[in-house]
Amino acid sequence: MNVSLSKRRGKKGNSGAGRELVMNEKQGTLSAYGARFLLIPVKLIHSIEDRLTESFGPVTATSFQYEIGREGGAQYIHLAQKAGFSIKTPSDVQRIASSLGTLDGWGKLEIIAFDPAKKFARIRWKNGVSVRNKQGKTPVCHFGRGILTGAVGEIFGARLESIEVSCQGKGDSFCEAVIGEPREISRLADTRP
C-alpha cells in the first residue's frame, strides 16, 4: 500500500511539485522526488555528533561533520535536478531550499545573497538540527553548514568553503553561513573576533 504524505498537489513538471512523499508499507520504503528517504530522529544526529567528539576530539569531529554534510549537499542538488527543479536563479535556489530543506526537516532556510559570478552565497536558517541549547560560545551547525556548502558548490561548479557567522547555538536569533571560494572564506575567518 502506498500512502501519500503530501497535502498539496501540483501539476506534473512544475519544478517537481507534482511529486509526493510516498510511504510504501509493503516494501518498507519512503521516497520523494525519485529518491529513497529515511526519517531519523534529531537525537540520532546529536548522538553521532557526540560519538565523533568523544572518539576523535572536537576539531576532527567538526571536520567529519562538515565533510559528510558537504557530500550530502551535493547529493541534494542532484536530487533537485532529477526532480525537475531549476537552479538558474536565486529564486530557484530559494525554492529548492524551501522545498527540500523543509521536507527533510533541516529547518527554515532563507537565501540572503547568491552570486554565481563571484561564487558567493549567504544563507540563513532557523531551527537547525545541531542546535541543542542557546548558550554555547561557538557555532555548532557543522553538518548543516557542510550541506549548504556542498549544495552551493555543486550549483556553482566549484569546491567552496564556508564559515558560520551567526548561530542559534550561541544565542543568536538565527544561524547564518557565508559560502565562497576558499581564499575568501579564509580571509573572512582571519578577520573575525
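Go through the stretch 148-171 residue by residue and tally those that are among the polar types (S, T, N, Q) and either in contact with a helix residue (DSSP H, G or I) (Cβ under 9 Å, 6 or more places away or on another chain) or over 23 Å from residue 191 (Cα atoms) (or both).
Here the count works out to 2.
How do the pairs read when you match residues in the stretch 122-134 that are open to solvent by less than 100 Å² (accessible area, probe 1.4 Å) with residues anywhere that are at pLDDT 90 or above and of a type in the set (D, E, K, R), using Cβ under 6 Å and keeping only pairs 6 or more apart or on different chains?
124/110; 124/176
I need the full set of residues from the stretch 135-147 which are open to solvent by 20 Å² or more (accessible area, probe 1.4 Å), more than 17 Å from residue 112 (Cα to Cα) and not polar (S, T, N, Q), in order please.
136, 137, 139, 140, 142, 143
Considering only the stretch 174-185, state which residues are open to solvent by 30 Å² or more (accessible area, probe 1.4 Å) and more than 14 Å from residue 139 (Cβ to Cβ).
Those that are open to solvent by 30 Å² or more (accessible area, probe 1.4 Å) and more than 14 Å from residue 139 (Cβ to Cβ): 181, 182, 183, 184.
Only residues that are assigned to a loop (DSSP other than H, G, I, E, B), under 19 Å from residue 62 (Cβ atoms) and open to solvent by 10 Å² or more (accessible area, probe 1.4 Å): list them for the stretch 148-173, please.
159, 172
Considering 86, 55, 47, 63, which residue is within 17 Å of residue 157 (Cβ to Cβ) and of a type in the set (Ser, Thr, Tyr)?
86
Can you name every residue in the stretch 109-147 that is touching a helix residue (DSSP H, G or I) at 6+ places or on another chain (Cβ under 6 Å), under 20 Å from residue 45 (Cα atoms) and outside any loop (DSSP other than H, G, I, E, B)?
109, 142, 143, 146, 147
Would you check if residue 111 is touching a strand residue (DSSP E or B) at 6+ places or on another chain (Cβ under 9 Å), without any contact (Cβ under 8 Å) to a residue 40 or more places away in the chain and surrounded by 17 or more Cβ atoms within 10 Å (Cβ to Cβ)?
yes
The values are calculated or read from the model by the stated rules, or taken from the named source; none is laboratory data. Since the model is a prediction, treat every value here as computed from it, not as a measurement. All Cβ positions, even for glycine, are placed from backbone atoms using ideal geometry, and neighbour counts span all protein chains on display. Keep in mind that these areas ignore ligands, DNA and RNA; they rest on the heavy atoms of the full protein, side chains included. Shrake-Rupley method; radii C 1.70, N 1.55, O 1.52, S 1.80 Å.
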